[in-house]
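Everything on this sheet refers to the single structure shown next.
The values are calculated or read from the model by the stated rules, or taken from the named source; none is laboratory data. Because the structure is a prediction, the values reported are computed rather than measured. All Cβ positions, glycine included, derive from the backbone under ideal geometry; neighbour counts span all protein chains shown.
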Protein chains: 2
Amino acid sequence: VPPEPPVLYPSLAELENYMGLALTSEEIQKNLPPEGSTALTPAGPPPGQLVAPLSGNSAGLRRAEIKPGVREIHLCKDERGKTGLRLKNVDEGIFVQLVKANSPAALVGLRFGDQVLQVDGQSCAGWSSRRAQRALRKAAPEKIVMVVRDRPFQRTVTVHKDSTGHIGVVVKKGKIVSLAKDSSAARNGLLTHHCLCEVNGQNVIGMKDKQLTEVLAGAGNVVTLTIIPTVIYEHMVKRLSPGLVKSAMDHSVPDL
Amino acid sequence: VPPEPPVLYPSLAELENYMGLALTSEEIQKNLPPEGSTALTPAGPPPGQLVAPLSGNSAGLRRAEIKPGVREIHLCKDERGKTGLRLKNVDEGIFVQLVKANSPAALVGLRFGDQVLQVDGQSCAGWSSRRAQRALRKAAPEKIVMVVRDRPFQRTVTVHKDSTGHIGVVVKKGKIVSLAKDSSAARNGLLTHHCLCEVNGQNVIGMKDKQLTEVLAGAGNVVTLTIIPTVIYEHMVKRLSPGLVKSAMDHSVPDL
């Protein structure tokens, strides 16, 4: 039995060949999806389709899908040399704490809660928030290569509005505080003590409840919510200025 | 536009037809996978296969896969009228807190952390632990129908052993306390403050560290770990006797 290679993500320059795949940087480049698209995982059937499948046209479901595995993204700094990305150490991993609106990070599809595994070939494990931010600062402005795991602390739950347009959650300050009896939210197992991260893939963190209500109202009958336990959320935004979250966070609707 | 049905999982007897699908109980029964198999979600490609795909023979990965969507299972009590299942209210949802070894619950593939959405057609949202346990007690011994969401608080990370057989985590009392520099665990973004739930799909909760080390040693070069944040784990096992966890928990290797 051939020995397993000792590393999973070594410098790509060293890993020429794995299980018969050509894995030089050039080969990877040729196979990357078109610019602007970030997902390298194979597109599969949308999740959560079982007894009552969702319409194949559910863009919200596709935008919200938390993709398994990891992806490689290329970030390019803006004219002021900024990425618009704030990183934080959580449990010895590096996570996206903030993505500023209209920033390179927003453009390339990074989202709150994404775990950054590598920056320019270096593993981020054990880095302090400060070290991670420094790595971004020192990186080449024309391309920063990051290996990212998709929002590991989050999950999605898809619900249907009832005849009055409600899904059955009461949300206060972005947190689910109660579930309505006999509602889609209750039936599908939405939970209290969770923060709403996204509605149909659109980041709603930092939105005032009023704006969040409008987003929910405009969401169509099938709503895919991305949620995170409140205890985890609060750990992730520790020392992040609430003003920054409210004013600067990217709330654009992701491209598909 | 036809109105969306107001519920996602009503009593199946009422939901004869949805989007052109025949959904009477008979129709569902005909389409259930063979007895003993519990997954109703479509089998897709194993997750996490990107730049360095895992061998297609990774049984551990398949056993550990957290399946999207929900599944319906049929539980049958044992000769003493027991299910071997302990349920708990977490955040207004009902979760599997304990699965006893060699019990009907173990047989049917229920695992620690599964969320139970329905018991015999009734939504569990907002039930107390006591009410959930009572529902099991009062249910017909020959068949309890449950709708289950697969381990929503958990996630999987796949790592490779290095040439000395190590993955690069230090585990104490079932919790990851540190990551070894330049290890597969570090590279793949395993995190501290997480409990190990499974190794290659086999439940390791409640195992002594010594036994857990043996399971890891015997696991083969590719190891898929199922982890849960410690804060969530401790919330889920509150008031569950540690003695029960250590002595009674099912640790069998799941069938594929």
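Are any residues in region B:197-222 outside any loop (DSSP other than H, G, I, E, B) and within 14 Å of chain A (Cβ to nearest Cβ), and if so, which ones? Passing the criteria: only B:222. Among the residues of region B:129-146, are any under 27 Å from residue A:229 (Cβ atoms) and under 17 Å from the mean Cα position of the chain (by Cα)? Yes: one or more hits. Do we find a residue being outside the structural domain of residue A:80 (by the TED database), assigned to a loop (DSSP other than H, G, I, E, B), of a type in the set (Gly, Ala, Ser) and touching a residue at least 12 places away in the same chain (Cβ under 8 Å) anywhere in region A:120-141? No, because not a single residue in region A:120-141 is outside the structural domain of residue A:80 (by the TED database), assigned to a loop (DSSP other than H, G, I, E, B), of a type in the set (Gly, Ala, Ser) and touching a residue at least 12 places away in the same chain (Cβ under 8 Å). Checked against the criterion of being more than 10 Å from every other protein chain (Cβ to nearest Cβ) and out of contact with any Ser or Thr (no Cβ under 7 Å at 6 or more places or on another chain), region A:182-191 contains not a single residue that satisfies it. In region A:162-181, of all residues being touching a Gly at 6+ places or on another chain (Cβ under 8 Å) and farther than 21 Å from residue B:153 by Cβ, the one that is farthest from the other protein chains (Cβ to nearest Cβ) corresponds to A:180.
Against the numbered list (1) within 30 Å of residue B:221 (Cβ to Cβ); (2) under 19 Å from the mean Cα position of the chain (by Cα), residue B:192 comes up short only at (2).
With respect to the stated conditions, residue B:106 fails to be over 18 Å from the mean Cα position of the chain (by Cα) and either at the interface with another protein chain (Cβ under 10 Å from one of its Cβ atoms) or not in a loop (DSSP other than H, G, I, E, B) (or both).
crowded, with 21+ Cβ neighbours inside 10 Å, touching a residue at least 60 places away in the same chain (Cβ under 8 Å), in a loop (DSSP other than H, G, I, E, B) and away from chain B (no Cβ under 14 Å) - does that describe any residue in region A:89-97? Scanning region A:89-97, I find no residue that is crowded, with 21+ Cβ neighbours inside 10 Å, touching a residue at least 60 places away in the same chain (Cβ under 8 Å), in a loop (DSSP other than H, G, I, E, B) and away from chain B (no Cβ under 14 Å), so the answer is no.
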